[in-house]
Amino acid sequence: MKLQQLKMFLATLERGSFSEAALDLGSSQSTVSYAVAELEAELGGKLLRRGRFGAEPTDLGCKVAAHTRGILQLTDAIRQESTLEQGSIHGKLRVATFRSAAGKIIPKLIVRLKEQHPELGVELIELDNELERGRSKRRLVRDHLADIAFIDVLDEKEDDLIAWKLIDDPYKVLVLKEDERDVFPWSDLAERPLIFCNNTSCSLYVRRYAESLGMFVQPAYDVKEDSTILRLVSEGLGIGLLPEFAIDALPENVKAIPLDQLLERPIYIALLPSSLKIPAVRVFLNLLKAQFPESEVPRLELPNTTVKA
């Protein structure tokens with residue numbers, strides 16, 4: 001089994017055709033096809049189904065692809081260790097995230113990352129409103145499609161991942177400015193039409209806490225986008241409920257006030273244990289720790305790299 005065979009197989013799977021993979025790799029279609037056939041012969045099973053419309057992965061191919069990405073991830077880590085000895089990290093860091101983390105946490109990190117390691121690229125994989133409560137982002141990490149992920153629901157049964165709490169994000173109630181209250185009572189949530197994203201991980205904590213108080217929370221308007229909540233509240237159609245990090249610029253006639261009983265959405269950082277071997281991941285985690293010193297994220301040793309608070 002050769003590294004080049006694995007690269008050609010993965011390129012074919014991701015591009016969906018041997019010809020497209022060959023273009024990406026600067027090779028010929030016949031060379032790529034032969035390399036994949038050799039790999040299949042060595043493994044004793046078909047990795048790709050060939051057809052008129054390209055190549056699709058078999059069940060075995062999907063499993064081998066995940067392992068292949070892990071192997072290539074570690075080869076990138078080797079290169080990063082080498083360039084780190086010269087004072088800077090070269091390569092790419094892939095971060096799976098949701099919108100509010102992407103907007104409120106990551107930009108500062110990227111700026112500082114670029115200052116320290118200008119040759120290190122960052123690829124953001126943004127997924128929002130996941131019905132499976134963060135599992136898609138965790139799946140990207142498991143399949144080595146992302147090096148690290150921001151998640152807002154932690155499943156304790158998933159012990160193959162490392163997860164550290166980064167911050168607690170408090171929920172705020174969105175009301176018209178004509179409302180003179182500075183704090184919103186939980187008991188009043190049922191008195192006005194409630195607007196929030198019902199079928200998301202974000203709403204999970206709202207429903208759970210309401211149930212603990214003997215309340216049933218049912219949105220009058222179940223929307224998909226946070227910006228829609230702001231517009232509906234601005235038009236006087238009800239009150240909104242969002243975590244603070246999810247609130248962008250408010251309309252002129254809307255304000256955000258806390259609940260009388262604190263409700264928070266935890267934000268975690270998740271990764272595979274093997275990813276701690278990747279210099280770019282260690283740098284990223286150190287920058288996170290500098291930005292959120294009270295978080296559970298550890299400080300990691302990294303030669304030739306200084307993180308300033």
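Bridges between two residues of segment 168-265, per DSSP, are antiparallel at a rate of about 70%. Given +1 at the Cβ of Lys and Arg, -1 at the Cβ of Asp and Glu and no other charges, the dipole of segment 168-265 around its Cα centre is 240 debye to the nearest 20. Could you tell me which residue out of Tyr209, Val173, Ser295 lies farthest along the dipole of the chain toward its positive end? Charges go on the beta carbon: Lys and Arg +1, Asp and Glu -1, centred on the Cα centre. Of the options given, the answer is Ser295. Projected label points at Ala190 and Gln29, each 7 Å from Cα along the beta carbon direction, are separated by 6.6 nanometres. Among the listed pairs Lys114/Lys172; Lys46/Lys277; Lys165/Lys277, which are separated by more than 25 Å between their Cα atoms? Over 25 Å apart, Cα to Cα: Lys114/Lys172; Lys46/Lys277. Among Phe216, Phe98, Phe284, the largest mean-square fluctuation in a Gaussian network model of the chain, built with springs joining Cα atoms closer than 10 Å, belongs to Phe216.
Relative to the Cα centre, the charge distribution of segment 3-61, modelled as +1 at Lys and Arg Cβ and -1 at Asp and Glu Cβ, gives a dipole magnitude of about 160 debye. Highest mobility in the GNM of the chain, judged by mean-square fluctuation with C-alpha springs under 10 Å and restricted to Leu241, Leu272, Leu39, is found for Leu39. Springs between Cα atoms under 10 Å define the GNM used for the chain, and in it the highest mean-square fluctuation of Ala65, Ala101, Ala21 occurs at Ala21. Dipole magnitude for the chain: about 940 debye, using +1 per Lys or Arg Cβ and -1 per Asp or Glu Cβ, origin at the Cα centre.
Indicate the gyration tensor shape class of the chain (rounded, prolate or oblate), computed on the Cα atoms with a ≥ b ≥ c the square roots of the eigenvalues: a/c under 1.5 is rounded; otherwise a/b larger than b/c is prolate and the rest oblate. Cα axes put the chain in the prolate bin.
Based on Cα contacts under 8 Å between residues 6+ apart, segment 148-261 shows a relative contact order of 44 percent. Compute the long axis of helix 59-84 from its Cα atoms, compare it with the longest principal axis of the Cα atoms of the chain, and write down the angle in degrees, 0 to 90, nearest 10. Once rounded, the angle reads 90 degrees.
Throughout, read-outs are computed from the coordinates displayed, never taken from laboratory work. Everything numeric here is computed off the predicted structure, so don't read it as measured data. So basically every Cβ, Gly included, is an ideal-geometry build from the backbone, and we count neighbours across all protein chains shown.
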